[in-house]
2 protein chains.
Amino acid sequence: MDKKLIGVDLGGTTIKFAILTENGDIQQKWSVETNILDEGSHIVPDIVASINHHLDLYKMDKDQFIGIGMGTPGTVDVEKGTVVGAYNLNWKTLQNVKAEIEAGTGIKFAVDNDANSAALGESWKGAGDNAKEVVFVTLGTGVGGGVVTDGKLVHGMGAGGEIGHINVHPGGFECTCGNKGCLETYASATGVVRVARAMAEEFAGKSHLKEAVDNGEEVTSKLVFDLAKDGDKLADMVVDRVCYYLGLAAANLGSTLNPQYIVIGGGVSAAGRFLLDRVDKYFQEFAFPTVRTSTTLKLAELGNDAGVIGAASLALQFK
Amino acid sequence: MDKKLIGVDLGGTTIKFAILTENGDIQQKWSVETNILDEGSHIVPDIVASINHHLDLYKMDKDQFIGIGMGTPGTVDVEKGTVVGAYNLNWKTLQNVKAEIEAGTGIKFAVDNDANSAALGESWKGAGDNAKEVVFVTLGTGVGGGVVTDGKLVHGMGAGGEIGHINVHPGGFECTCGNKGCLETYASATGVVRVARAMAEEFAGKSHLKEAVDNGEEVTSKLVFDLAKDGDKLADMVVDRVCYYLGLAAANLGSTLNPQYIVIGGGVSAAGRFLLDRVDKYFQEFAFPTVRTSTTLKLAELGNDAGVIGAASLALQFK
C-alpha cells in the first residue's frame, strides 16, 4: 500500500493539518485553534495530540506514514529541527519541535519556515506545476518568499528567500526590519495602504480613495484594488506604484535566478490578473532580455492549502 | 593512481589550459592564442590539437583523466554541450563543442559560461573556501556573475547569474542589453568611467580627475580608484557612487540567497579593500539584519586562474 504524508501549517490563530498521498493529493483535512498562552508551551503537545487523535479516528497506524512536515513562523534550524523567535506564537526561546513531535507521534518529522513551505507547495502542486526553478512571493501582512532551485529550497545561511526585504527604494518607507525601502513596505497589505495614504496627501483630483482617506474611513488593500478596477484615478496610481516595485523586484530576481516561474500569492494577490498584468508590464521593462521570455509570472493557485501541501512535501526526504 | 582534470578557459584573445588534480591543484598550465578567423571555426580543432599535443608531451594518456571542463563566452546549453552567440569568438551559429572535443580527445567534456566557471573556481579553491553557498560578481569590461547554492551553479532556464543586469537605478544609464540602469552600466570598468564623466560635468571644485576628463586625457577605472585613494574629491564621489550601487545589489542578493560569501572579482576589484570596504558600508545599510551578520563580502583570490580551475571542476561530475 502507498504510504502517506502529514502536512502541518502552524499559524498564529489556527493550526491546519492534512493527510496527503505521496503525490500531494489531500485526503483528509482538519484544523485546531492555536493556543499561544504560557509562552506557546501548549502548541507542540496540541499538535501531537491532534495527530494521534486523528490517526485513531481514521484507524491509521504510524507505520503508514513516510513522515510529518511542518511550516512555522520564526527562525528555523532545518537541520536540528528547532524554531526560535516566532513572536505570534509567543515562542521567544528555542523550541525543540522535531524531537518532541517525533517522540510524541513515532513518525519522522521535518520543519521549515512558513513562506518556504508555501513556496514548496506552489512549486509542487500549484502554479509551479512541479517545475524545478520557482520563486514564490507572498503578499500578506508582510511580504514573504521562497526560492526553489533544482527542486530544492535555497536556505543559504538560514535567511534565504527574504524577498520582502529586497530594497526597491533606498531611503523609502521605514520597515519593521529597521531598513528603509524594503519591498514589504510597498507591496504587503499594509504597504499598499501606506502608499495610498502617502499619495492621497499629494493628490488633488476627484477620488473615492482620497475621500475615504480624508474622512478617516477604513482603508484596506482590497479597497484600493477594487477602486482602481472601477477607474478611481488615485487608486490606479497607487496600484501602479505597488506594481512598479513588485515588477522591479521580480525582474531582479529573474536576472539573478532566471526561474521558470515567479509565483505571486498571499492576500494582496486576490486582485488577480489586474495585479499580475501590471506587475508583468514593469517586469518586462526591467528584466534582462532572455529572462523576459523564459521566466513567466503567475498567480498562486493553491490558496490556503499551499502551506499544508508544501509542509507535507518536506517529509518526502524520508522516503 | 589519482585521476586528473583538464580545465579550459576560452577567451577572445587567448585560450588557457591547465591540468589539475582532483583536489583542484594546478600541475601544468599553458595557453594558445585564440584564432577567431573564419567564423571561429579553428577554435575547437585548436583546443583538441593543443590538449592532445600536451598529453603527448607530458606522456599522459586519456585514461588518466576524469574529464575536461571548459568556460566559454556566449550562451551555453549545458545539457547538450553547445554554444551560440559568442561574438568575441565570431561564433554566430551553434557550435557542437562537446561532441567535437569528446570525439577529438576521447575524454569526457562539460561546458558552462565563463562567469559561471569563474564562480565555481572561486567557490571551490578561492575566496569561497569550498563553501556551498557563494555568489560571485566579476567586474570587468562588463559585470558577470554566478550563483552557487548547495555547491552547484544556478542556471534557472539558462540565464541564471546575470548579476550585471540587476537594475540598480531605473531610468539610469543605457545598457548594451537595451535596459536602463543595470549594475553593469555603473560598476564595470567602462561603467566607472561613465560615472566619472557624468559626475565631472556637474563637479565645480578642484580635482585631477575633472582636469583629466576636461583635457580629454585617457580616463580609466584604475585612474579613478588611484585618484580616489589619493584623496581626489571628485574621484572619491565617483567611487562612492559605484560602491553604493554594488552594495545595494549585494544586499539584495544577500536577502534573496543569504550566501556565506559574496565574492567580488574582475579587473575593477584590483582596487582591493578600498573598494570592498566601501561596498560593505552600503551592504550593511541595505541588507536584511540577519544577512548582514551571516553573509560576508570578500575579494576574489584566484585572479586569472579562477577560469581554468572552475572549468576543471565542471568535469568532476564524471567521477
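What Kirkwood Rh does the stretch B:127-214 have if only Cα atoms enter the pairwise 1/r average? Answer in Å. Before the final figure, lay out each step's value.
Working: mean 1/r = 0.0678 Å⁻¹.
Result for the stretch B:127-214 stands at 14.7 Å.
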Within 10 Å of each candidate Cβ there may be at most 15 other Cβ atoms; applying that plus a DSSP loop requirement, which trypsin sites (Lys or Arg not before Pro) in the stretch B:1-76 survive?
B:Lys3, B:Lys59
What residues from the stretch B:31-72 fall in the zone where the backbone N is under 12 Å from a label point 7 Å along the Cα-to-C-beta line of B:Ala103?
B:45
Inter-copy label distances at B:Gly104, 7 Å along the Cα→beta-carbon direction, one decimal in nm, shortest first?
6.5
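Suppose R0 equals 51 Å; then what is the FRET efficiency for A:Val78 and B:Lys62 from their Cβ-Cβ distance, rounded to the nearest 0.05?
Once rounded, the FRET efficiency stands at 0.75.
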When we measure straight from the Cα of A:Lys319, which aspartates and glutamates land under 18 angstrom away, once same-chain ones fewer than 8 places off are left out?
A:Asp2, A:Glu22, A:Asp25, A:Asp61, A:Asp63, A:Glu79, A:Glu102, A:Asp112
Total charge dipole magnitude, the stretch A:194-301, about the Cα centre, Cβ charges on Lys, Arg, Asp, Glu only, Debye to nearest 20
360 debye
Chain B: relative contact order as a whole-number percent, Cα under 8 Å and 6+ apart:
21 percent
For the residue pair B:Thr141 and B:His54, what label-to-label distance in nm results when each label sits 7 Å from Cα along the Cα-to-beta-carbon direction?
2.3 nm
Taking θ as phi - 60°, what are the ³J(HN,Hα) couplings along the stretch B:283-292 by the Karplus curve (6.51, -1.76, 1.60), each to the nearest whole Hz, with x for Gly and Pro?
4, 4, 6, 9, 7, 4, x, 4, 6, 3
Please grab the % of Cα pairs in the protein assembly as shown that end up more than 43 Å from each other.
29 percent
About its Cα centre, what dipole magnitude does the stretch A:122-260 give when the only charges are +1 on Lys and Arg Cβ and -1 on Asp and Glu Cβ, stated in debye to the nearest 20?
260 debye
If one puts a single equal scatterer on every Cα of the stretch A:127-281 and applies the Debye formula without solvent, what log₁₀ I(q)/I(0) results at q = 0.15, 0.17 Å⁻¹?
-0.76, -0.94
In this structure, among A:Lys3/A:Lys152; A:Lys125/A:Lys229; A:Lys4/A:Lys132; B:Lys108/B:Lys132; A:Lys108/B:Lys298; A:Lys152/B:Lys298, pairs with alpha-carbon gaps over 32 Å are A:Lys108/B:Lys298
Compute a Gaussian network model of chain A, connecting alpha carbons closer than 10 Å, and tell me which residue from A:Leu227, A:Leu120, A:Leu276 fluctuates the most.
A:Leu227
Long-range amide H contacts for B:Asn113: which residues qualify at under 5 Å (H placed 1.01 Å from N, peptide plane, sequence gap of 5 or more or a different chain)?
B:Thr72
Along the Cα→Cβ direction, 7 angstrom out, place labels at A:Leu94 and B:Asp226. What is the inter-label distance in nm?
5.3 nm
Loop-located chymotrypsin sites (Phe, Trp or Tyr not before Pro) in the stretch B:19-66, at most 14 other Cβ atoms within 10 Å (DSSP):
B:Tyr58
In deg cm²/dmol and to the nearest 500, what is the mean residue ellipticity at 222 nm of chain B if only DSSP H runs of at least 4 residues count, each as -39500 (n - 2.57), divided by the residue total?
-12000 deg cm²/dmol
Applying the Karplus parametrisation 6.51 cos²θ - 1.76 cosθ + 1.60 with θ = phi - 60° to the phi angles of the stretch B:193-209, what ³J(HN,Hα) value in whole Hz is obtained for each residue in order, glycine and proline being reported as x?
5, 4, 4, 4, 5, 5, 6, 4, 4, 9, 8, 10, x, 8, 7, 4, 5
GNM top mover of B:Val263, B:Val84, B:Val192 - chain B, alpha-carbon springs below 10 Å
B:Val84
Select from B:Gly247, B:Ser294, B:Gly267 the residue farthest towards the positive end of the dipole of the stretch B:131-299; place +1 on Cβ of Lys and Arg, -1 on Cβ of Asp and Glu, and compute about the Cα centre.
B:Ser294
How far apart are the B:Asp61 label points across copies, placing each 7 Å from Cα toward Cβ, in nm, shortest first?
5.8
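Each reported figure results from applying straightforward, stated rules to the coordinates on display, with no laboratory input. Every value quoted in this text rests on a predicted model; they were computed, and no experiment measured them. Every residue, glycine as well, gets a Cβ built from its backbone with ideal geometry; the counts of neighbours run over all protein chains shown.
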